[in-house]
1. Restricting the search to the range 69-110, which residues are of a type in the set (S, T, N, Q) and free of Cβ contacts under 8 Å to residues at least 24 places away in the same chain?
2. Name the residue that is modelled with the lowest pLDDT, counting only residues in the range 93-110 that are surrounded by 10 or more Cβ atoms within 10 Å (Cβ to Cβ) and more than 18 Å from Gly12 (Cβ to Cβ).
3. Only one residue in Ala79, Ala54 is closer than 17 Å to Ala14 by Cβ, in a helix (DSSP H, G or I) and touching a Leu at 6+ places or on another chain (Cβ under 6 Å), so which one is that?
4. So if I check each of Asp108, Asp90, which one is part of a loop (DSSP other than H, G, I, E, B), acidic (Asp, Glu) and at negative phi?
5. Would you check which residues across the range 91-110 are within 30 Å of Val56 (Cβ to Cβ) and hydrophobic (A, V, I, L, M, F, W, C) and list them?
6. Look at Thr33 and say whether it is exposed (fewer than 11 other Cβ atoms within 10 Å of the Cβ), more than 21 Å from Gly87 (Cβ to Cβ) and in contact (Cβ under 8 Å) with a residue 12 or more places away in the chain.
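The values are calculated or read from the model by the stated rules, or taken from the named source; none is laboratory data. Quantities reported herein were computed from a predicted structural model and do not represent experimental measurements. Quick reminder, even Gly has a Cβ in these numbers, built from the backbone with ideal geometry, and neighbours come from all protein chains shown.
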Amino acid sequence: MTVQETILSFPGLADFPEGYLTVILNSRTLTGTADLSAVDAKKVNLTIADALSAAVNLPDFTENKLSISYPRSYFEKTAVRLYKENGEPDKANAITNRITVPRGKATDAW
């Protein structure tokens, strides 16, 4: 099994754009056609985490009676777990940090 086949077989990534997957593979210095047994498992897991964190931004799709939506919270939680397990806790923290906006103190006076 190749690296690309492994990544696309991960739950939720079957519809991931292959063009962008090539970009992610290149950023991790991997090739999609490489045999999985010849590649470091950490790099593959981190590439899956990169793909999951990018998949959060995939748009939902609806056409006629076909509707595809993506489980974004699952993608985020799995990416965070993979980043932490494979030695990149900074990326995991970047995903989980949320910006909070305090509630305003506007009055009813016009």
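1. The initial filter retains those residues of the range 69-110 that are of a type in the set (S, T, N, Q), namely 69, 73, 78, 86, 93, 96-97, 100, 107.
Passing the criteria: Ser69, Ser73, Asn93, Thr96, Asn97, Thr100, Thr107.
2. The qualifying residue modelled with the lowest pLDDT is Thr96.
3. Values: Ala54 fails: touching a Leu at 6+ places or on another chain (Cβ under 6 Å).
Residue meeting the stated conditions: Ala79.
4. One residue alone meets the criteria, Asp108.
5. Those that are within 30 Å of Val56 (Cβ to Cβ) and hydrophobic (A, V, I, L, M, F, W, C): Ala92, Ala94, Ile95, Ile99, Val101.
6. Details: exposed (fewer than 11 other Cβ atoms within 10 Å of the Cβ): yes; more than 21 Å from Gly87 (Cβ to Cβ): yes; in contact (Cβ under 8 Å) with a residue 12 or more places away in the chain: yes.
In short, yes.
Yes/no matrix, rows are residues, columns are (1) assigned to a loop (DSSP other than H, G, I, E, B); (2) at positive phi; (3) more than 16 Å from the chain's Cα centre (by Cα):
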| site | (1), (2), (3) |
| --- | --- |
| Thr6 | no, no, no |
| Gly12 | yes, yes, no |
| Asp15 | yes, no, no |
| Gly19 | no, no, no |
| Val23 | no, no, no |
| Gly32 | yes, no, yes |
| Ser37 | no, no, yes |
| Val44 | no, no, no |
| Ile48 | no, no, no |
